[in-house]
Structures are given as C-alpha cells and as structure tokens.
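Just so you know, all these numbers are worked out from the coordinates, no wet-lab data involved. Here the structure is a predicted model, which means the values were calculated and not measured. Cβ placement follows ideal geometry from the backbone for every residue including glycine, while neighbour counts extend to all protein chains displayed.
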Amino acid sequence: MAVVDSQGRLFGKVSILDIGAALVILLVLFGIFVFPGASGSVAQINTPTKPVEVEVVVRVAAQNTDGLLKPGEKTSVIIRNQPYGEVKIKSVKELPDTVYIPLENGSVKATPDPRPEVALSKNLLVVLEGNAQITKNGPVLGNNKIKIGTPIELEGFTYNFTNLNVRDIRILDDKKA
C-alpha cells in the first residue's frame, strides 16, 4: 500500500489538502493566542493622570451666545471622530472682530470691524479642563492623543460645533488644579 495514492490521499483515507488546511488554521490560531501583538490602547495602565487645559476657538453663527457655553458646565467632546465623554468648561471669552487700518505715519490702528455681516457670527475662545494620561508621546484623553491641531468637536444640548482644532494644551500641576 502506497503512502499517497493517485487521488492525493494519505494512506487512502485523508486528503493532503485537508491536512494542509488544518495546519494553516492551527498556525493562525496559535499566532493569535500566543503572539497577540500590541494592544489597541494608546494609553498604558501605569501612566500618570494629570489635569489639562485645552483651548479651542469656536466660530458661532449666532448672535446670542450668552447662555450657549457657560463656565462651570460640562460639554461632550469628540476627538478625531471618537467620543471621549464630558469635560468641564473652564472659561469662555468673546474675541473681538477687528480690522487693521494703516495710518499716514506708517503705524497700524486696530478698530472694530464695521461690516454688517460681522454681527451674524462671533468667535469664542473656550478653555476646557479635564484629566489626561501623560504618556511619552504627550497627553491622552480617552484613547486619543491630544495635541495642538487635533480635530475636536463640542456637543451640548443646543449646540454641536464641528471642524474645530485644538489651539493650545497645558498640562497642569496637581497642586494648581
């Protein structure tokens, strides 16, 4: 009796292709469970957590912004299209819309923008505060690294501000927070 017959069966019972497929499946399972690779989390378990402040400039297409973003309240944050959770609004400052007028002596004077369409929107400097894990690559909120220029969204009961970018981030000492 031959070891492999004319139909490719080992000892006339099991196909060589079936044995090869079974070996490939076993090797894949072995590779998944024995060598799982890097974990999906950016943050590590033993990294320190510190308070951070994140500055964002929000362009509001509304005239009445008084009750929209209130210091002390919480807002939902979405970082790189991944929900983070809620952070506290530390401060909200309205930024003036100005134009620069050159003077005869060569200096420049800043004056309020007289165009009527400027009244239809406002720029707000919003400072958010929360706790971030501090890694060797920078602060991490949730599983997202947060740096200057990171895309961020703010969402509340009556607003959803998209296409924002982090303007500044400050890591605070535990004593100052």
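Here are some notes:
- Sum of side-chain charges, ILE16 neighbourhood, beta-carbon under 13 Å (Lys, Arg +1; Asp, Glu -1): 0
- Compared with the alpha-carbon gap, the fully stretched path from GLU73 to VAL4 is longer by 17.2 nm at 0.36 nm per residue.
- In whole percents, the pair-distance distribution calculated for the stretch 85-173 from its alpha-carbon pairs, binned every 5 Å from zero, is 3, 10, 16, 20, 13, 12, 9, 8, 6, 3, 1.
- Here the label points at ARG80 and ILE25, each 7 Å from Cα along the C-beta direction, are separated by 3.7 nm in the simple model.
- Reduced Cα scattering model of the stretch 1-155, Debye log10 I(q)/I(0), q = 0.12, 0.17 Å⁻¹: -0.74, -1.04
- Potential lengthening between PHE33 and PHE11 on full extension [0.36 nm per residue; Cα-Cα distance subtracted]: 4.7 nm
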